[in-house]
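Participant: Would you mind keeping the following structure in view while I ask a few things?
The values are calculated or read from the model by the stated rules, or taken from the named source; none is laboratory data. All figures in this text were calculated on a predicted structure; none of them were measured in a lab. Using ideal geometry, Cβ is built from the backbone for each residue, glycine included, and neighbour counts are taken over all protein chains shown.
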Amino acid sequence: MAAAKKSATTSVKKVAKPAAKSPSKSGVPAAAAQTRPAKRVTPEVARAAWDKLREQHPDAHCELTHANAFQLLCATVLSAQTTDVAVNKATPALFAKYPTAKVMAAAEPLDLEPLVSTLGFFRMKAKSLVGLARALMANQKGEVPQTLDELVKLPGVGRKTANVVLGVIWGKPEGVVVDTHVQRLSQRLGWSHETEPPKIEQDLSKLLPRDRWDMTSHVLIFHGRRVCFAKKPNCEGCLANALCPSAFKAELVGRKPARVRVPAVIAAPASKPAKKAAPKKATRTSNSRAS
Ligand code: SF4
C-alpha cells in the first residue's frame, strides 16, 4: 500500500509540474491557460506579413487532388476530420469508378464505402457523397452550383466546403476558409483574437481584401504544414518573423487547449480508495449518523 501511495504521488508530481509554474485554481491545466492569441497587429502589418508569406509559398494551392468542380466538392467533403494526404490516397479509385455526379447518383452508399473506408466517418461520408450526387442530378442538372446559397443546401456541404469550391474553381469565395492551420496562424500572426472559425473568418475577411481571400487559406495552410508547425514552429525559417507578434515564442499561441487530462490523473489516486471503500462507507455512514 505504501509503495502504491508513493508511486501515485510521484506520478501526480510529474504531471502537475507545468501547472505549478502557472497555477490555475479553476482546474484548467497550465498549457490550456497559456494558450491564447498574440497581440493584434494593424491591418498594414497584417498585409505586409501576408506578402512575406506569399513570397515564401509562391506555389501555394489547394492540395486536394481533383480534375473538376465535382471531384473537388467530393474531396472536400471527404477531408473533414482527416488529412488531404489520406483523401488523395482514396480519391483516385473513387473517381475512377464514379467520375461524375450522374454515375455516383446511381450508386448506393454501401457501394462507395469500401473505396473510402480508410477515412474517418467513412459511412457518413459515403452517404453524403451519394446524397450530394443525387441532389446535383435532381436540382442542378448534374452541375456543381456557383453560389454559396445553393452549395450549402447540398448534403454534407457546409460554408467551409462551399468556399473551397467557390475559391478554387471559380475564384469567387464568399469568405476565407478557416481550417486548423488558418485558425492557429491567424492567432499567432495577431490577425484574430477569436477561437471559433466563423469569427476568425469574419476577422480575416475584414482585414484582407477580397481578392486575397482564397489565397489566404492556401498560403496559411502551406505555412502551417511546412514552417509554422503546431508544436515547434520554425520561426527562424519564417520570412514573416519580423511582422509576427508570436515569433520565437509561439509554441503555445493559437494551439488547441490540451485535453484536460491533468485533473483526471490527479483525481485518480484520491478516488481509487474511495471507490473501493464506497459500499462499506455507506453502511458506516448510516451507523455514525444514527450514533
Ligand atoms: S513561424 Fe513563427 S514567426 Fe512565422 S508565423 Fe509562425 S509563429 Fe510567426
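Okay, residues lined up against (1) in contact with a Pro (Cβ under 8 Å, 6 or more places away or on another chain); (2) near the ligand (Cβ under 8 Å from one of its atoms); (3) part of a helix (DSSP H, G or I); (4) of a type in the set (Lys, Arg):
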residue: Asp214; (1), (2), (3), (4): yes, no, yes, no
residue: Arg225; (1), (2), (3), (4): no, no, yes, yes
residue: Ala230; (1), (2), (3), (4): no, no, no, no
residue: Glu236; (1), (2), (3), (4): no, no, yes, no
residue: Ala242; (1), (2), (3), (4): no, no, yes, no
residue: Phe248; (1), (2), (3), (4): no, yes, no, no
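Participant: All but one of (1) hydrophobic (A, V, I, L, M, F, W, C); (2) away from the ligand (no atom under 16 Å from the Cβ); (3) modelled with pLDDT of 90 or more hold for Ile266, so report the exception by its number.
Facilitator: Failing condition for Ile266: (3).
Participant: Any idea how many residues of segment 136-145 are charged (D, E, K, R) and part of a helix (DSSP H, G or I)?
Facilitator: 0
Participant: Which residue pairs have Cβ atoms closer than 6 Å, lie 6 or more positions apart in sequence or on different chains, and pair a first residue in segment 172-191 that is farther than 11 Å from Ser205 by Cβ with a second residue that is near the ligand (Cβ under 10 Å from one of its atoms) and part of a helix (DSSP H, G or I)?
Facilitator: From segment 172-191, the pairs are His181/Leu220; His181/Gly224; Val182/Leu220; Leu185/Leu220; Leu185/Gly224; Leu189/Ala49.
Participant: Now, a different point. Can you name the number of the only condition in (1) surrounded by fewer than 20 Cβ atoms within 10 Å (Cβ to Cβ); (2) modelled with pLDDT under 90; (3) within 15 Å of the ligand (Cβ to nearest atom); (4) within 30 Å of Leu166 (Cα to Cα) that Arg255 fails?
Facilitator: Arg255 satisfies every listed condition except (1).
Participant: Select from segment 67-79 the residues that are without any contact (Cβ under 8 Å) to a residue 60 or more places away in the chain and surrounded by 15 or more Cβ atoms within 10 Å (Cβ to Cβ) and list them in ascending order.
Facilitator: Listed by number, the residues that qualify are Gln71, Cys74, Ala75, Leu78, Ser79.
Participant: Separate question: Looking at (1) in a loop (DSSP other than H, G, I, E, B); (2) of a type outside the set (Lys, Arg); (3) not assigned by TED's automatic domain parsing to the domain that holds Leu220, can you tell me which one Thr161 breaks?
Facilitator: (1)
Participant: Select from segment 188-199 the residues that are more than 15 Å from the ligand (Cβ to nearest atom) and surrounded by 18 or more Cβ atoms within 10 Å (Cβ to Cβ) and write down the one among them that is nearest to the chain's Cα centre (by Cα).
Facilitator: Restricting to residues being more than 15 Å from the ligand (Cβ to nearest atom) and surrounded by 18 or more Cβ atoms within 10 Å (Cβ to Cβ), the top hit is Pro197.
Participant: Can you name the condition, by its number, that Leu185 falls short on among (1) surrounded by fewer than 17 Cβ atoms within 10 Å (Cβ to Cβ); (2) closer than 30 Å to Cys244 by Cα?
Facilitator: Unmet for Leu185, out of (1) surrounded by fewer than 17 Cβ atoms within 10 Å (Cβ to Cβ); (2) closer than 30 Å to Cys244 by Cα: (1).
Participant: I'd like the full set of residues that are modelled with pLDDT of 95 or more and over 18 Å from the mean Cα position of the chain (by Cα), limited to segment 158-172.
Facilitator: Across segment 158-172, the qualifying residues are Val165, Leu166, Gly167, Val168, Ile169.
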